[in-house]
Amino acid sequence: MALRARRPVNNDNEDKVIEISAQMQGSLNFKDPVNLKINGDFTGDLDTKGTLTIGENANVIANINGDNVVIAGKVTGDIKASKMLVLMPTAYLKGNVTAPKLNIVEGAIFQGHCNMTGEAPEALLDVSEVAAYLEINSGEIEELANSGQIPGKKEGESWKFEKRQIDSWAASGKVK
């Protein structure tokens, strides 16, 4: 495995560079800003600060949370970028995207849904979290969602809710 960390002469956290040129799996979580570049295969979860670059020869199967994400290789998984996502001409992305800024360079392939927000993405609540928040039985929340009476979206077999929409719905007097 080739894992290199280079620290420049100045101590600016944005200039920390980590390159991964090997096959890895697991979770990578960075609390401080780094410039992370993945050139090999990675499977798992990525939670980064700073800039994450997926190299042209990389194959990544992961859900990615980051500030700035640049993809030149192949990625399968959902991406939440708090600042910007760039898909280079050699990029292949299969997954859903949430980002305030998106740059898709000609030649890139993107298969999925895109939600462009002007702010950092809001965490989604599941049925049990909405039930606890509204002090309503989980089964009733599920029934309301299935009948379209409460704002939510189905992701696979489960329901997801935006707290902001739940607050508006509850304020409108539709809660029993």
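The C-beta contact set for region 81-95 (first residue on the phi > 0 side of the Ramachandran plot, second residue of a type in the set (A, V, I, L, M) and in a strand (DSSP E or B), distance under 9 angstrom, 6+ apart or interchain) comprises 95/64; 95/75; 95/79.
From the list 77, 73, 50, the lone residue that is under 13 Å from residue 18 (Cβ atoms) and among the small types (Gly, Ala, Ser) is 50. The one condition from (1) touching a Leu at 6+ places or on another chain (Cβ under 8 Å); (2) on the phi < 0 side of the Ramachandran plot; (3) surrounded by fewer than 20 Cβ atoms within 10 Å (Cβ to Cβ) that residue 99 does not meet is (3).
Residues in region 105-155 that are of a type in the set (Val, Ile, Thr) and touching a residue at least 40 places away in the same chain (Cβ under 8 Å): 136 alone. Among the residues making up region 1-35, those that are part of a strand (DSSP E or B) and at pLDDT 80 or above are 24, 25, 26, 27, 28, 29, 34, 35. Selection within region 90-111: residues that are assigned to a loop (DSSP other than H, G, I, E, B) and under 13 Å from the mean Cα position of the chain (by Cα). The member of this set that is nearest to residue 70 (Cα to Cα) is 99. Within 30 Å of residue 44 (Cβ to Cβ) and of a type outside the set (Phe, Trp, Tyr): is that true of residue 143 in this structure? Spelling it out, it is not the case that residue 143 is within 30 Å of residue 44 (Cβ to Cβ) and of a type outside the set (Phe, Trp, Tyr).
The values are calculated or read from the model by the stated rules, or taken from the named source; none is laboratory data. Since the structure is predicted, the reported quantities are computational estimates derived from the model, not experimental observations. Cβ coordinates were reconstructed from backbone atoms using ideal geometry, including for glycine residues, and neighbour counts include every protein chain displayed.
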